[in-house]
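Undergrad: My questions will all concern the structure given below.
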Amino acid sequence: MWDWQTKAACRGMKESVFFSPPGERGSRRRRREGGARAVCRACAVKLDCRSFAEASHQRYGVWGGTTEGERRVRE
């Protein structure tokens, strides 16, 4: 179930790239999410990551190129 993580482009990166610090809003948040999504675009396992996030109802962070808000809309 977790094997896809060994191939993830984000492996070893700081969590702060994908998860917002308290109080992050507006353009700062959009820039961070854009950077995270750029990592995801080049990832060989982004669909596995996205599926995991959706199946496990991950409420926070960028997973498989999707933001918190995008996943919330899909629920």
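The values are calculated or read from the model by the stated rules, or taken from the named source; none is laboratory data. Not measured: the values here are computed from a predicted model. Neighbour counts are summed over all protein chains in view; Cβ atoms, including those assigned to glycine, are modelled from backbone coordinates with ideal geometry. The area values use the complete protein model at the heavy-atom level, side chains included, leaving out ligands, DNA and RNA. Shrake-Rupley method; radii C 1.70, N 1.55, O 1.52, S 1.80 Å.
Undergrad: Can you name the residue in segment 47-61 that is surrounded by fewer than 17 Cβ atoms within 10 Å (Cβ to Cβ) and of a type outside the set (A, V, I, L, M, F, W, C) and is also nearest to Thr6 (Cα to Cα) among such residues?
TA: Result: Ser51.
Undergrad: Residue under question is Ala44, and the condition is that it be closer than 17 Å to Ala8 by Cβ, at pLDDT 95 or above and open to solvent by less than 80 Å² (accessible area, probe 1.4 Å); does it hold?
TA: So Ala44 does not fit the description; no.
Undergrad: For Trp4, work out the one condition from (1) open to solvent by less than 60 Å² (accessible area, probe 1.4 Å); (2) under 14 Å from Thr66 (Cβ atoms) it doesn't fulfil.
TA: Every listed condition holds for Trp4 apart from (2).
Undergrad: Does Ala36 count as at pLDDT 95 or above and touching a helix residue (DSSP H, G or I) at 6+ places or on another chain (Cβ under 6 Å)?
TA: Yes; evaluated as a whole, the condition is true for this residue.
Undergrad: Do any residues in segment 6-25 that are free of Cβ contacts under 8 Å to residues at least 12 places away in the same chain and under 15 Å from Gly61 (Cβ atoms) have Cβ atoms under 6 Å from those of residues that are assigned to a helix (DSSP H, G or I) and of a type in the set (Phe, Trp, Tyr), where the two are at least six apart or on different chains, and which pairs are they?
TA: none
Undergrad: Being within 9 Å of Val62 (Cβ to Cβ) and open to solvent by 60 Å² or more (accessible area, probe 1.4 Å) is the filter here; which residues of segment 26-41 pass it?
TA: Arg37
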